[in-house]
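The values are calculated or read from the model by the stated rules, or taken from the named source; none is laboratory data. Just so you know, these numbers come straight off a predicted model, no measurement behind them. Neighbour counts are summed over all protein chains in view; Cβ atoms, including those assigned to glycine, are modelled from backbone coordinates with ideal geometry. Accessible surface areas use protein heavy atoms only, side chains included; no ligands, DNA or RNA. Shrake-Rupley method; radii C 1.70, N 1.55, O 1.52, S 1.80 Å.
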Amino acid sequence: MDSMENNTFPPYFNLTMFVNIGNYRYPAFVLCLLLYAFIVLANLVVIVSISREKTLHEPMYIFIMCLSINSLYGSAGFFFRFLRDLLSDTHLIPRTACFAQIYVIYTYASYELTLLGVMAYDRYVAICQPLNYHNKMTSNMVSKLMAFAWIYPSFSVATCVHLASRLPLCDNKIPKVFCANWPVVKLSCVSTVVNSLVGMVVSTSTVFLPLAFVMYTYIRILLLCRNRSAVFKSKVVQNCLPHIITFVNYSVTVFCDVVLSRINLEALNPFLAILLSLEFVVIPPILNPLVYGLKLPKIRKCMLNMLSCSEARRKSREK
């Protein structure tokens with residue numbers, strides 16, 4: 001009975017996409033550690049800048065801070081295990097740790113998309129209904145939008161992970177460098193119709209609907225800008241460009257992840273497969289603080305003030 005239980009519910013999963021790079025794994029580990037350190041530092045700077053500066057306590061900047069918090073959450077769920085696996089000769093991950101990583105990475109992805117949808121609504125109201133902006137985007141409304149952006153993905157992803165964890169499996173090999181839901185479901189020995197249906201509903205509500213809503217809001221904004229002055233268009237571009245860059249970047253990374261989960265990764269060049277799968281969990285946490293920190297004048301000014309203050313304190317201590 002114990003043997004049957006271990007075969008259908010394996011205690012470990014094997015992440016098979018790790019390539020044996022010999023002693024090059026040590027420079028790879030240092031490079032990835034520095035990359036993770038940059039992600040943490042850059043996002044912390046954005047979070048601290050917005051939380052400390054009262055003039056940035058506006059809906060748009062609060063949502064940007066939420067994006068940075070989500071970047072820290074998602075990158076932690078990936079990098080802690082990935083850095084360990086880089087130095088390891090075996091890439092076995094305990095069953096509970098695997099499903100925990102699936103939950104963290106998939107909620108991170110869902111939070112990112114729902115937050116982008118909420119930010120698109122904020123930009124739409126600010127540009128298309130400026131006179132009603134403060135009446136609509138009250139602190140109560142912002143709290144409700146943030147609660148929806150965090151709570152719904154938490155429960156919907158939990159449902160998918162719970163259903164996947166109950167499946168009896170015929171194998172334990174996951175062709176990725178981190179645990180993912182669909183590759184686990186494909187290992188099932190039984191029908192996965194329920195998993196597929198629930199996954200389709202969750203994907204539609206947390207991925208495609210937010211993406212469609214963002215596109216809808218920008219179509220409305222573009223239609224409004226057609227007959228406006230060049231100054232108005234310039235202000236719209238300045239306010240919306242960081243969000244557009246983030247949206248396009250994340251759409252590409254999500255598309256790559258969806259495509260990769262549906263094809264045979266072992267048929268691809270292993271290095272290409274790894275790079276494409278890493279894009280999903282690495283690029284957005286790097287790009288978001290750079291885009292918002294460098295493109296939005298208020299955040300950039302606050303960040304520069306923080307740096308100058310820290311430099312002044314350092315010099316005073318040296319004296």
From 207, 177, 184, grab the single residue that is out of contact with any strand residue (DSSP E or B) (no Cβ under 9 Å at 6 or more places or on another chain) and of a type outside the set (Lys, Arg). 207
Name the single residue, out of those in region 83-98 being touching a strand residue (DSSP E or B) at 6+ places or on another chain (Cβ under 9 Å) and not aliphatic (A, V, I, L, M), that is farthest from residue 180 (Cα to Cα). 90
How many of the residues making up region 142-174 are under 25 Å from the mean Cα position of the chain (by Cα) and without any contact (Cβ under 8 Å) to a residue 24 or more places away in the chain? 6
Any hit, region 24-36, residues being buried (at least 20 other Cβ atoms within 10 Å of the Cβ) and in contact (Cβ under 8 Å) with a residue 60 or more places away in the chain: no
With the requirement that a residue be under 29 Å from residue 67 (Cα atoms) and touching a Cys at 6+ places or on another chain (Cβ under 7 Å), what does region 150-200 give you? 179, 181, 198, 199
Considering only region 80-100, state which residues are open to solvent by less than 10 Å² (accessible area, probe 1.4 Å) and either outside any helix (DSSP H, G or I) or under 19 Å from residue 169 (Cβ atoms) (or both). 93, 98
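This table checks each residue for (1) modelled with pLDDT under 80; (2) closer than 27 Å to residue 226 by Cα; (3) buried (at least 16 other Cβ atoms within 10 Å of the Cβ).
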| position | (1), (2), (3) |
| --- | --- |
| 245 | no, yes, yes |
| 251 | yes, yes, yes |
| 267 | yes, no, no |
| 271 | yes, no, no |
| 285 | no, no, yes |
Inspect all residues belonging to region 16-34 and state whether any of them is out of contact with any Lys or Arg (no Cβ under 8 Å at 6 or more places or on another chain), among the β-branched types (Val, Ile, Thr) and part of a helix (DSSP H, G or I). yes
Being closer than 23 Å to residue 277 by Cα and among the hydrophobic types (A, V, I, L, M, F, W, C) is the filter here, so list the residues in region 164-180 that pass it. 164, 174, 177, 178, 179, 180
I need the full set of residues from region 39-70 which are without any contact (Cβ under 8 Å) to a residue 24 or more places away in the chain and not in a helix (DSSP H, G or I), in order please. 57, 58
Have a look at 175, 168 and point out the one that is in contact with an Asp or Glu (Cβ under 8 Å, 6 or more places away or on another chain) and surrounded by 13 or more Cβ atoms within 10 Å (Cβ to Cβ). 175
